[in-house]
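Nothing in this text is a laboratory measurement; each read-out follows from the coordinates by a stated rule. Note that the coordinates shown come from a computational prediction; the quantities given were computed from them, not determined experimentally. Counting neighbours? That spans all protein chains shown, and the Cβs are built from the backbone with ideal geometry, glycine included.
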Amino acid sequence: HGLPSDKIFALFSKSPPTEETLWIGTNRGIAEYNPGKTPAILRLTRILGSQIYQLTNIERGLDLAYPQNSLVIEVAAISSRTFPEEFQYLFLLFGDKEKIIKQRLAKDPQFLTENLPPGKYRIEVRAYTSVLTDSKPIVLHFTVASAPFPWATLSLSILLALSLFALWWGYHQNAKLFGTNKALATANKQLAETRLQLASETENERKRIARDLHDQTLSDLRQLIMMTDQLPKEQNGDKGSQSTVFRTEIESISTEIRRICEDLSPSVLTNVGLTAALEWSLTEAILHLPKEQKFEYEFICDDELEDKIGFDSAIQIQIYRITQEAISNICRHAQAKKVRLTVDISDNNVFTVSLSDDGCGFTVGKKTGRGLSNIRSRASLIEAEVNWQSNPLGGTLFNLQKRNLNPGENLI
């Protein structure tokens, strides 16, 4: 390298041997060659990291902020006898304890350090000429910072933990609430079944009383009528007139007892069905009114509606009692001139009883009488909805609605 020609014929040293001058024979003649010991000039040209660092004041070192842990340095050497591509560069990377972590000798002027753990480091760079004369080293100190305490991560972790705890607590409370609601629903179902059973027992007791009145009391009254007929009649005495009075009173009592028996256990409900029983209840109520309180009525119902009703006898008797109570309220308070009773089943299979009048009406929500309370209580037994709508111009509309049951479907 650096000789007059690349074809060398002879190579010998000049005496004395201690001198470093060489005589070299080439195809151009003999030349004197002195390798020289002038070191190359080495300088730092570029430092790259997460940014390009300024080359001024690098003696103080570099601080690589977290999370940067890599660094690239680039150098360049200058010499009068060595071309730039002929330089060799020695890079040494030292750790905290002066231990060489990485080293490289190559013609590439760039040196890469990457994935360094936190700590203090030092890079030494030397350049070698073609005759292996080394340059003055360049020393670069730098520090890789450790990760800061993760306050944000800790805060987020705490928030996440609190959120998970709140989620678990909410789930736990929802599970408890679901269990409580389920138990409450079961209790309500059992209570409804018990109330309906109690109402059925009450109806059975009414039937028994009505049967006893019919079989025993009416029989005794008939016996009294027969005994009255057997009293001797005297033309000039009072016994004949007394027997007639007795018979009339006994027949009146018998009629009243029959009415009571029918109220206790409406046989019409069993004999002719629910819709006909509702119409009969309206006509029977009008029949027993004084003449000045009687009113006209209209009953609207499809002839085939009875076949579509899927309620059992327990539900039908409650519907009958509710309608009977509503009719009784009209007779006692409405002072109506015309009443309309409508029974139908809607397209969405809802059984409806509507009772309207043109009477004096009342303020909805202010009436808390026993009759309205009985209606609401009976409606809750069969899970029916009842409501009253008062017309400001007069009259009241009463509605009873309940989902129609299919044959064999349970109430609850």
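A simple packing score, the average count of other Cβ atoms within 10 Å per residue, orders the peptides 130-141, 272-283 as 272-283, 130-141, with the highest score first. Computed per residue of the chain from DSSP H runs no shorter than four, each worth -39500 (n - 2.57), the mean residue ellipticity at 222 nm is -12500 deg cm²/dmol.
Among the listed values [x] 1.03; [y] 0.96; [z] 1.74, the one computed from these coordinates for Rg/Rh (Cα atoms, Kirkwood Rh) is [z]. Computed from Cα atoms, the angle from the helix 218-229 axis to the main principal axis of the chain rounds to 10 degrees. Farthest toward the positive end of the dipole of the chain, out of Ala185, Ser79, Gln197, is the Cα of Ser79, where the dipole comes from beta carbon charges about the Cα centre. Counting other Cβ atoms within 10 Å as a rough exposure proxy, the listed residues Cys301, Cys331 run Cys301, Cys331 from fewest neighbours to most. From least to most packed, judged by other beta carbons within 10 angstrom and beginning with the fewest, His333, His172 follow the order His172, His333. Relative to the longest principal axis of the C-alpha atoms of the chain, give the angle of the C-alpha long axis of helix 313-329, reported between 0 and 90° and rounded to the nearest 10°. Its long axis makes an angle of about 70 degrees. Of all beta bridges that DSSP places with both ends in the chain, some 90 percent have antiparallel geometry.
Charge dipole (Cα centre; +1 on Lys/Arg Cβ, -1 on Asp/Glu Cβ; no other charges) of the chain amounts to roughly 2500 debye.
Peptides 70-80, 145-155, ordered by how many other C-beta atoms sit within 10 Å of their residues on average, highest first, read 70-80, 145-155.
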